[in-house]
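Inspection log for the structure reproduced underneath, given as structure tokens.
Computed from the coordinates by the stated procedures, all read-outs in this text should not be read as laboratory data. None of the values given here were measured: they were computed from a predicted structure. Here the Cβ positions follow ideal geometry from the backbone for every residue, glycine too, while neighbour counts run over all protein chains shown.
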């Protein structure tokens, strides 16, 4: 029995119609946001070319491209990429972070989460003119920096969770958990002192974890001097240099920076500066967190440093800060 040409045409049209119906239904039911993309510490700035080259752009660069604190050479907090508003579509909207300037009668700002992709953090600043926008930028610059810093830390930890290092030995000894990649190895474990190392091209990244009595940091109220003395003592005992008789110390020429912060809800001192090897030409940036644990009459000391001569160190120090700030105290 043969099918007629008319029947085949009707059958094909019906099949095609059903295909489109199911395709449309499937599209609406499975709607999702694209996965975001983009390097860490890279910020897309959506702004007109004229504004970017004028005072608004200068202000934005002054906030987000300012020198990162504690590095031996000048490196910006963020690498900025300017995008004209008309080009902010399609793939450009999938970047993890963006900062957008819009003309509006109202002066203000808005924080957007996962608007065009996931995960994504965006900030829109609006104003009727350059003066209003610059004022808004100045008044809320600390907030803007904090929003993006938290976003970057969260993303870095998400990536580190793909291959975490076992930290049971640190938890058992110091009562803390930390998230860091399996690329680190234990270089030394001794007397509640832990030294972890990650080898990188032309250098290395170091993590330290130990504890000291409260009085070690608070004696005479000179926090910086006490932290430097503590670090130098630990360096002499645990961190030898490449040449016999040398060891790690805090750079003697300049005092480190001191800040106050919180880690896992506990007060902490944050100290940033430069380390060096005594009597040897070797140096790099470091960050130390002294976390106050009143219940146990101690400070938990978490420290990281980078050795990477003649190269940028911003991303490596960011990884170290992400690791150290992930510390959590384990309930006894």
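Structure data summary
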item: Candidates 100, 162, 154: whichever shows maximal mean-square fluctuation once the chain is modelled as a Gaussian network with Cα springs under 10 Å; result: 162
item: Global geometry of the stretch 34-159, whether rounded, prolate or oblate, following the gyration tensor of its Cα atoms and the 1.5 cut on a/c; result: oblate
item: 0 to 90° range, to nearest 10: angle between helix 130-139 axis and the chain longest Cα axis; result: 50
item: Normalised contact order of the chain, rounded percent, pairs of Cα under 8 Å and 6 or more residues apart; result: 14
item: Counting all C-alpha pairs of the chain, share separated by more than 28 Å (%); result: 54
item: Within the chain, percent of DSSP bridges classed antiparallel, to nearest 5; result: 75
item: Cα gyration tensor, the stretch 193-323 - rounded (a/c under 1.5), prolate or oblate; result: prolate
item: Percentage relative contact order, the stretch 34-159, counting C-alpha pairs under 8 Å, at least six apart; result: 28
item: Over the chain: helical MRE at 222 nm, DSSP H runs n ≥ 4 each giving -39500 (n - 2.57), nearest 500; result: -10000 deg cm²/dmol
item: Viscosity 1.306 mPa s, 10 °C: Kirkwood-radius Stokes-Einstein D of the stretch 135-179 over Cα pairs, µm²/s; result: 122
item: Average projected area [Cα convex hull, the stretch 85-141], square nanometres; result: 4.0
item: Cα gyration tensor shape of the stretch 210-257, rounded if a/c is under 1.5, else prolate or oblate by comparing a/b with b/c; result: oblate
item: Order of 302, 71, 43, 258 under a 10 Å beta carbon neighbour criterion, fewest first; result: 258, 71, 43, 302
